[in-house]
Amino acid sequence: IMNISERKKILVCEFITAGGYAAQPLPESLVKEGMLMRDALLKDLNELGQYDIVSMHDSRLPPAEMALKSMLVSGDNFKSIFRQTIQEVDFVWLIAPETGGTLLELSEICYEAEQAENGPVFIGSGYDTMLIGTSKTLCFEALRDARINTLPVHAAEDLLLPDYYQKLISQEPLSWVAKPEDGAGCEGIRLFSSLQLLRDWLSEDEAHLDYLAQPYQSGISASMSLLCRNGKAYLLSCNQQHVVCENQQFKLTGITVNGMTAYRRGFETIARKIAQMLPDALGYIGVDMIVNPQSHRIEVLEINPRLTTSYVGLRQALNTNPAKLILDCVLADQFLMPEFSNHGLAQHTVEI
(Lines give C-alpha, C1' and ligand atoms only; values in the text may rest on other atoms or scores of the structure.)
Protein backbone atom coordinates (compact mmCIF):
# COMPACT_ATOMS: atom_id res chain seq x y z
CA ILE A 1 0.00 0.00 0.00
CA MET A 2 1.33 3.41 -0.96
CA ASN A 3 2.04 6.13 1.53
CA ILE A 4 -0.69 8.73 1.53
CA SER A 5 1.85 11.30 0.25
CA GLU A 6 2.48 9.15 -2.83
CA ARG A 7 -1.17 8.92 -3.75
CA LYS A 8 -2.17 10.90 -6.80
CA LYS A 9 -5.25 13.08 -7.08
CA ILE A 10 -7.72 12.19 -9.80
CA LEU A 11 -10.77 14.21 -10.81
CA VAL A 12 -13.68 12.05 -11.95
CA CYS A 13 -16.13 14.38 -13.67
CA GLU A 14 -19.36 12.86 -15.02
CA PHE A 15 -20.91 15.91 -16.66
CA ILE A 16 -24.62 15.36 -15.90
CA THR A 17 -24.23 14.54 -12.19
CA ALA A 18 -21.33 17.02 -11.83
CA GLY A 19 -23.54 20.03 -12.48
CA GLY A 20 -23.21 20.39 -16.24
CA TYR A 21 -26.99 20.87 -16.34
CA ALA A 22 -27.13 22.93 -13.14
CA ALA A 23 -28.76 25.87 -14.95
CA GLN A 24 -31.52 23.74 -16.54
CA PRO A 25 -33.83 20.83 -15.64
CA LEU A 26 -32.09 17.48 -15.11
CA PRO A 27 -32.92 14.83 -17.74
CA GLU A 28 -33.90 11.84 -15.61
CA SER A 29 -32.61 9.07 -17.91
CA LEU A 30 -29.19 10.73 -18.33
CA VAL A 31 -28.86 11.32 -14.56
CA LYS A 32 -29.49 7.62 -13.95
CA GLU A 33 -26.97 6.47 -16.56
CA GLY A 34 -24.46 9.10 -15.41
CA MET A 35 -24.71 8.00 -11.79
CA LEU A 36 -24.31 4.33 -12.72
CA MET A 37 -21.12 5.08 -14.70
CA ARG A 38 -19.68 7.49 -12.13
CA ASP A 39 -20.23 5.17 -9.17
CA ALA A 40 -18.90 2.09 -10.99
CA LEU A 41 -15.75 4.01 -11.93
CA LEU A 42 -15.28 5.41 -8.40
CA LYS A 43 -15.61 1.92 -6.93
CA ASP A 44 -13.00 0.54 -9.34
CA LEU A 45 -10.58 3.43 -8.72
CA ASN A 46 -11.00 3.19 -4.95
CA GLU A 47 -10.14 -0.48 -5.05
CA LEU A 48 -6.76 0.33 -6.64
CA GLY A 49 -5.79 2.27 -3.49
CA GLN A 50 -3.55 4.65 -5.45
CA TYR A 51 -5.73 7.71 -5.86
CA ASP A 52 -7.42 10.42 -3.85
CA ILE A 53 -10.62 10.97 -5.78
CA VAL A 54 -12.05 14.43 -6.33
CA SER A 55 -15.49 14.81 -7.86
CA MET A 56 -18.09 17.47 -8.64
CA HIS A 57 -21.83 17.40 -8.03
CA ASP A 58 -24.97 19.24 -9.06
CA SER A 59 -26.45 21.03 -6.04
CA ARG A 60 -29.73 19.09 -6.57
CA LEU A 61 -27.93 15.75 -6.21
CA PRO A 62 -25.99 14.26 -3.30
CA PRO A 63 -22.19 14.19 -3.62
CA ALA A 64 -20.63 10.87 -4.63
CA GLU A 65 -20.04 8.83 -1.48
CA MET A 66 -16.79 7.31 -2.72
CA ALA A 67 -15.06 10.60 -3.52
CA LEU A 68 -12.72 12.08 -0.93
CA LYS A 69 -13.89 15.57 -1.87
CA SER A 70 -16.71 16.84 -4.10
CA MET A 71 -17.08 20.36 -5.45
CA LEU A 72 -20.63 21.75 -5.35
CA VAL A 73 -21.91 23.21 -8.64
CA SER A 74 -25.00 25.40 -8.93
CA GLY A 75 -26.28 27.84 -11.55
CA ASP A 76 -23.94 28.23 -14.49
CA ASN A 77 -20.57 28.00 -12.75
CA PHE A 78 -19.81 24.42 -13.91
CA LYS A 79 -17.07 25.43 -16.33
CA SER A 80 -15.23 27.74 -13.95
CA ILE A 81 -15.25 25.08 -11.18
CA PHE A 82 -14.09 22.44 -13.69
CA ARG A 83 -11.20 24.69 -14.86
CA GLN A 84 -10.19 25.45 -11.28
CA THR A 85 -10.39 21.81 -10.10
CA ILE A 86 -8.28 20.38 -12.93
CA GLN A 87 -5.46 22.69 -11.83
CA GLU A 88 -5.40 20.91 -8.46
CA VAL A 89 -5.21 17.26 -9.59
CA ASP A 90 -2.76 14.90 -11.30
CA PHE A 91 -5.29 13.17 -13.59
CA VAL A 92 -8.63 14.09 -15.16
CA TRP A 93 -11.18 11.43 -16.09
CA LEU A 94 -14.03 13.06 -17.96
CA ILE A 95 -17.35 11.47 -18.90
CA ALA A 96 -19.42 13.90 -20.94
CA PRO A 97 -22.08 13.68 -23.65
CA GLU A 98 -21.37 14.69 -27.25
CA THR A 99 -24.49 16.92 -27.16
CA GLY A 100 -23.83 20.57 -27.93
CA GLY A 101 -20.13 19.83 -28.45
CA THR A 102 -19.74 19.40 -24.66
CA LEU A 103 -17.31 16.46 -24.77
CA LEU A 104 -15.13 18.21 -27.34
CA GLU A 105 -15.10 21.56 -25.53
CA LEU A 106 -14.25 20.08 -22.11
CA SER A 107 -11.58 17.86 -23.70
CA GLU A 108 -9.99 20.97 -25.22
CA ILE A 109 -9.86 22.56 -21.75
CA CYS A 110 -8.08 19.39 -20.55
CA TYR A 111 -5.59 19.35 -23.46
CA GLU A 112 -4.72 22.96 -22.69
CA ALA A 113 -4.24 22.26 -18.97
CA GLU A 114 -2.09 19.21 -19.79
CA GLN A 115 0.38 21.43 -21.72
CA ALA A 116 1.17 23.49 -18.62
CA GLU A 117 4.10 22.55 -16.40
CA ASN A 118 2.92 19.82 -13.98
CA GLY A 119 -0.45 19.93 -15.78
CA PRO A 120 -2.91 17.09 -15.16
CA VAL A 121 -2.83 14.01 -17.41
CA PHE A 122 -6.05 13.65 -19.40
CA ILE A 123 -7.38 10.07 -19.43
CA GLY A 124 -8.85 10.27 -22.91
CA SER A 125 -8.43 10.41 -26.65
CA GLY A 126 -6.85 13.05 -28.85
CA TYR A 127 -8.64 15.86 -30.68
CA ASP A 128 -9.41 14.08 -33.98
CA THR A 129 -11.14 11.18 -32.24
CA MET A 130 -13.15 13.54 -30.02
CA LEU A 131 -14.18 15.60 -33.05
CA ILE A 132 -15.30 12.56 -35.07
CA GLY A 133 -17.09 11.17 -32.01
CA THR A 134 -19.00 14.44 -31.61
CA SER A 135 -20.23 14.86 -35.19
CA LYS A 136 -22.42 12.17 -36.75
CA THR A 137 -21.69 13.58 -40.22
CA LEU A 138 -17.90 13.48 -39.75
CA CYS A 139 -18.22 10.01 -38.23
CA PHE A 140 -20.21 8.77 -41.25
CA GLU A 141 -17.62 10.20 -43.66
CA ALA A 142 -14.71 8.66 -41.73
CA LEU A 143 -16.41 5.25 -41.56
CA ARG A 144 -17.26 5.35 -45.26
CA ASP A 145 -13.67 6.27 -46.18
CA ALA A 146 -12.37 3.43 -43.96
CA ARG A 147 -14.74 1.00 -45.75
CA ILE A 148 -16.67 0.19 -42.60
CA ASN A 149 -20.38 -0.54 -43.12
CA THR A 150 -22.53 2.32 -41.90
CA LEU A 151 -25.90 3.92 -42.66
CA PRO A 152 -26.08 6.98 -44.94
CA VAL A 153 -26.84 10.32 -43.29
CA HIS A 154 -28.80 13.19 -44.83
CA ALA A 155 -28.70 16.74 -43.50
CA ALA A 156 -32.09 18.24 -42.57
CA GLU A 157 -31.54 21.25 -44.83
CA ASP A 158 -30.86 18.95 -47.81
CA LEU A 159 -34.11 17.06 -47.23
CA LEU A 160 -35.98 20.36 -47.46
CA LEU A 161 -34.67 20.88 -51.04
CA PRO A 162 -37.35 19.59 -53.46
CA ASP A 163 -34.90 17.85 -55.86
CA TYR A 164 -33.00 16.09 -53.09
CA TYR A 165 -36.25 14.98 -51.48
CA GLN A 166 -37.66 13.65 -54.76
CA LYS A 167 -34.50 11.60 -55.38
CA LEU A 168 -34.78 9.99 -51.92
CA ILE A 169 -38.52 9.39 -52.24
CA SER A 170 -37.87 7.26 -55.35
CA GLN A 171 -35.73 4.83 -53.33
CA GLU A 172 -37.57 5.35 -50.07
CA PRO A 173 -37.21 2.82 -47.24
CA LEU A 174 -40.37 2.53 -45.18
CA SER A 175 -39.21 4.26 -42.00
CA TRP A 176 -36.78 7.05 -41.19
CA VAL A 177 -34.99 8.23 -38.07
CA ALA A 178 -34.10 11.82 -37.15
CA LYS A 179 -31.08 12.35 -34.88
CA PRO A 180 -29.42 15.45 -33.45
CA GLU A 181 -26.09 15.98 -35.25
CA ASP A 182 -24.25 15.85 -31.92
CA GLY A 183 -26.64 13.85 -29.71
CA ALA A 184 -25.71 11.34 -26.98
CA GLY A 185 -27.42 8.03 -26.35
CA CYS A 186 -31.08 7.87 -27.38
CA GLU A 187 -31.68 11.55 -26.49
CA GLY A 188 -33.65 13.35 -29.19
CA ILE A 189 -33.84 10.43 -31.66
CA ARG A 190 -37.26 10.14 -33.33
CA LEU A 191 -38.80 7.49 -35.60
CA PHE A 192 -41.01 8.42 -38.57
CA SER A 193 -43.10 6.00 -40.63
CA SER A 194 -42.44 7.91 -43.87
CA LEU A 195 -40.04 10.42 -45.38
CA GLN A 196 -42.93 12.85 -45.86
CA LEU A 197 -43.73 12.88 -42.12
CA LEU A 198 -40.05 13.39 -41.30
CA ARG A 199 -39.84 16.28 -43.77
CA ASP A 200 -42.97 17.91 -42.29
CA TRP A 201 -41.43 17.67 -38.81
CA LEU A 202 -38.11 19.14 -39.99
CA SER A 203 -39.81 22.08 -41.69
CA GLU A 204 -41.98 23.06 -38.73
CA ASP A 205 -39.16 24.28 -36.46
CA GLU A 206 -35.79 25.86 -37.23
CA ALA A 207 -34.25 24.00 -34.28
CA HIS A 208 -34.64 20.82 -36.33
CA LEU A 209 -32.11 22.05 -38.87
CA ASP A 210 -29.22 20.65 -36.84
CA TYR A 211 -30.76 17.19 -37.15
CA LEU A 212 -29.85 14.61 -39.71
CA ALA A 213 -31.91 11.77 -41.13
CA GLN A 214 -31.11 8.11 -41.67
CA PRO A 215 -33.12 5.27 -43.12
CA TYR A 216 -34.37 3.15 -40.23
CA GLN A 217 -32.51 -0.16 -40.03
CA SER A 218 -34.20 -2.94 -38.08
CA GLY A 219 -31.99 -5.48 -36.33
CA ILE A 220 -30.32 -6.12 -32.98
CA SER A 221 -29.04 -2.98 -31.23
CA ALA A 222 -25.48 -3.72 -30.18
CA SER A 223 -22.33 -2.03 -28.96
CA MET A 224 -18.76 -2.91 -28.21
CA SER A 225 -16.38 -1.67 -25.55
CA LEU A 226 -12.81 -1.22 -26.77
CA LEU A 227 -9.45 -0.10 -25.54
CA CYS A 228 -7.44 1.79 -28.16
CA ARG A 229 -3.82 2.85 -28.29
CA ASN A 230 -1.43 3.74 -31.13
CA GLY A 231 -3.82 2.58 -33.84
CA LYS A 232 -4.46 -0.78 -32.16
CA ALA A 233 -7.76 -1.98 -30.69
CA TYR A 234 -8.40 -4.43 -27.86
CA LEU A 235 -11.99 -5.69 -27.66
CA LEU A 236 -13.30 -5.79 -24.08
CA SER A 237 -16.91 -6.84 -24.64
CA CYS A 238 -19.66 -7.38 -27.25
CA ASN A 239 -22.89 -5.98 -25.84
CA GLN A 240 -26.58 -6.20 -26.62
CA GLN A 241 -28.57 -3.02 -26.04
CA HIS A 242 -32.20 -3.29 -24.96
CA VAL A 243 -33.96 -0.42 -26.72
CA VAL A 244 -37.70 0.25 -26.81
CA CYS A 245 -39.59 2.76 -28.95
CA GLU A 246 -42.48 4.65 -27.32
CA ASN A 247 -44.30 7.57 -28.97
CA GLN A 248 -41.71 7.69 -31.79
CA GLN A 249 -38.88 8.04 -29.24
CA PHE A 250 -36.20 5.46 -28.47
CA LYS A 251 -35.27 4.56 -24.91
CA LEU A 252 -32.42 2.40 -23.62
CA THR A 253 -33.75 0.15 -20.84
CA GLY A 254 -30.67 -2.01 -20.26
CA ILE A 255 -27.50 -3.54 -21.68
CA THR A 256 -26.34 -7.15 -21.59
CA VAL A 257 -22.56 -6.89 -21.52
CA ASN A 258 -21.16 -9.76 -23.63
CA GLY A 259 -24.67 -10.55 -24.87
CA MET A 260 -23.36 -10.59 -28.46
CA THR A 261 -20.28 -12.83 -28.20
CA ALA A 262 -21.57 -14.91 -31.13
CA TYR A 263 -20.52 -11.94 -33.32
CA ARG A 264 -17.13 -11.45 -31.64
CA ARG A 265 -15.06 -12.13 -34.76
CA GLY A 266 -17.01 -9.58 -36.82
CA PHE A 267 -16.76 -7.03 -34.00
CA GLU A 268 -12.98 -7.55 -33.75
CA THR A 269 -12.52 -6.84 -37.46
CA ILE A 270 -14.47 -3.58 -37.14
CA ALA A 271 -12.55 -2.67 -33.95
CA ARG A 272 -9.24 -3.02 -35.78
CA LYS A 273 -10.44 -0.83 -38.65
CA ILE A 274 -11.74 1.84 -36.25
CA ALA A 275 -8.42 1.96 -34.37
CA GLN A 276 -6.54 2.40 -37.67
CA MET A 277 -9.00 5.10 -38.72
CA LEU A 278 -8.50 6.95 -35.39
CA PRO A 279 -4.78 6.77 -34.54
CA ASP A 280 -5.17 9.23 -31.64
CA ALA A 281 -7.94 7.18 -29.97
CA LEU A 282 -6.67 6.34 -26.49
CA GLY A 283 -8.27 4.40 -23.65
CA TYR A 284 -11.93 3.40 -23.60
CA ILE A 285 -14.06 3.76 -26.74
CA GLY A 286 -17.68 2.67 -27.13
CA VAL A 287 -19.08 1.84 -30.57
CA ASP A 288 -22.83 1.55 -31.30
CA MET A 289 -23.90 -0.84 -34.04
CA ILE A 290 -26.90 -2.57 -35.56
CA VAL A 291 -26.69 -6.26 -36.42
CA ASN A 292 -28.88 -7.98 -39.01
CA PRO A 293 -29.57 -11.42 -37.50
CA GLN A 294 -30.36 -12.94 -40.92
CA SER A 295 -27.43 -11.69 -43.02
CA HIS A 296 -25.10 -11.10 -40.00
CA ARG A 297 -24.22 -7.73 -41.55
CA ILE A 298 -22.95 -5.30 -38.91
CA GLU A 299 -23.37 -1.56 -39.42
CA VAL A 300 -21.64 1.03 -37.24
CA LEU A 301 -23.91 3.85 -36.08
CA GLU A 302 -21.61 5.95 -33.91
CA ILE A 303 -18.35 6.10 -31.99
CA ASN A 304 -18.27 7.37 -28.38
CA PRO A 305 -14.77 8.34 -27.18
CA ARG A 306 -15.69 8.19 -23.47
CA LEU A 307 -17.03 5.72 -20.94
CA THR A 308 -20.40 4.32 -21.95
CA THR A 309 -23.05 2.65 -19.79
CA SER A 310 -21.63 -0.78 -20.73
CA TYR A 311 -18.69 0.05 -18.44
CA VAL A 312 -21.01 -0.62 -15.48
CA GLY A 313 -21.16 -4.36 -16.32
CA LEU A 314 -17.53 -4.87 -17.38
CA ARG A 315 -16.16 -5.85 -13.97
CA GLN A 316 -18.66 -8.72 -13.64
CA ALA A 317 -18.31 -9.75 -17.28
CA LEU A 318 -14.48 -9.80 -17.31
CA ASN A 319 -13.90 -10.65 -13.66
CA THR A 320 -11.24 -7.95 -13.49
CA ASN A 321 -10.97 -4.23 -12.63
CA PRO A 322 -11.72 -2.34 -15.87
CA ALA A 323 -10.43 1.01 -14.53
CA LYS A 324 -7.01 -0.58 -14.09
CA LEU A 325 -7.09 -1.85 -17.68
CA ILE A 326 -7.97 1.62 -18.99
CA LEU A 327 -5.32 3.38 -16.87
CA ASP A 328 -2.68 0.85 -17.97
CA CYS A 329 -3.70 1.36 -21.59
CA VAL A 330 -3.36 5.16 -21.29
CA LEU A 331 -0.41 5.46 -18.89
CA ALA A 332 1.84 2.38 -19.07
CA ASP A 333 5.04 2.54 -21.15
CA GLN A 334 3.89 -0.58 -22.93
CA PHE A 335 0.44 -2.06 -22.88
CA LEU A 336 -0.40 -5.74 -23.10
CA MET A 337 -4.00 -6.81 -22.90
CA PRO A 338 -4.39 -9.63 -20.37
CA GLU A 339 -5.80 -12.88 -21.74
CA PHE A 340 -9.45 -13.52 -20.94
CA SER A 341 -10.43 -17.11 -21.52
CA ASN A 342 -13.81 -17.52 -23.19
CA HIS A 343 -15.09 -19.06 -19.95
CA GLY A 344 -14.09 -15.83 -18.21
CA LEU A 345 -16.27 -13.76 -20.54
CA ALA A 346 -19.51 -13.91 -18.58
CA GLN A 347 -22.69 -12.06 -19.46
CA HIS A 348 -23.90 -9.31 -17.16
CA THR A 349 -27.06 -7.25 -17.62
CA VAL A 350 -27.17 -3.63 -16.48
CA GLU A 351 -30.71 -2.32 -15.88
CA ILE A 352 -31.26 1.35 -16.54
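The values are calculated or read from the model by the stated rules, or taken from the named source; none is laboratory data. Remember, it's a predicted structure, so these values are computed and weren't measured experimentally. All Cβ positions, even for glycine, are placed from backbone atoms using ideal geometry, and neighbour counts span all protein chains on display. What goes into the accessible areas is simple: the full protein's heavy atoms, side chains included, and nothing from ligands, DNA or RNA. Shrake-Rupley method; radii C 1.70, N 1.55, O 1.52, S 1.80 Å.
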*asked:* Every residue in the range 131-144 that is in contact (Cβ under 8 Å) with a residue 12 or more places away in the chain and either within 14 Å of M277 (Cβ to Cβ) or surrounded by fewer than 21 Cβ atoms within 10 Å (Cβ to Cβ) (or both), please.
replied: L131, I132, G133, S135, T137, C139, F140, A142, L143
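For every residue, the table says whether it meets (1) within 20 Å of the chain's Cα centre (by Cα); (2) of a type in the set (D, E); (3) part of a helix (DSSP H, G or I).
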{"site": "G19", "(1), (2), (3)": "yes, no, yes"}
{"site": "L41", "(1), (2), (3)": "yes, no, yes"}
{"site": "D44", "(1), (2), (3)": "yes, yes, yes"}
{"site": "S70", "(1), (2), (3)": "no, no, no"}
*asked:* Can you name every one of the helices (runs of 4 or more DSSP H) wholly within the range 248-352 that holds 3 or more residues which are open to solvent by 40 Å² or more (accessible area, probe 1.4 Å)?
replied: 264-277, 322-331
*asked:* Considering only residues that are at pLDDT 95 or above and either closer than 14 Å to A323 by Cα or outside any loop (DSSP other than H, G, I, E, B) (or both), which ones fall in the range 1-15?
replied: K8, K9, I10, L11, V12, C13, E14
*For L191, indicate whether it is under 30 Å from I270 (Cβ atoms), surrounded by 20 or more Cβ atoms within 10 Å (Cβ to Cβ) and not aromatic (F, W, Y).*
no
_Considering only the range 93-115, I want to know if a residue exists there that is surrounded by fewer than 18 Cβ atoms within 10 Å (Cβ to Cβ), in a loop (DSSP other than H, G, I, E, B) and charged (D, E, K, R)._
no
*Inspect the range 72-80 for any residue being in contact with a Ser or Thr (Cβ under 8 Å, 6 or more places away or on another chain), of a type in the set (A, V, I, L, M, F, W, C) and open to solvent by 80 Å² or more (accessible area, probe 1.4 Å) and give the result as yes or no.*
yes
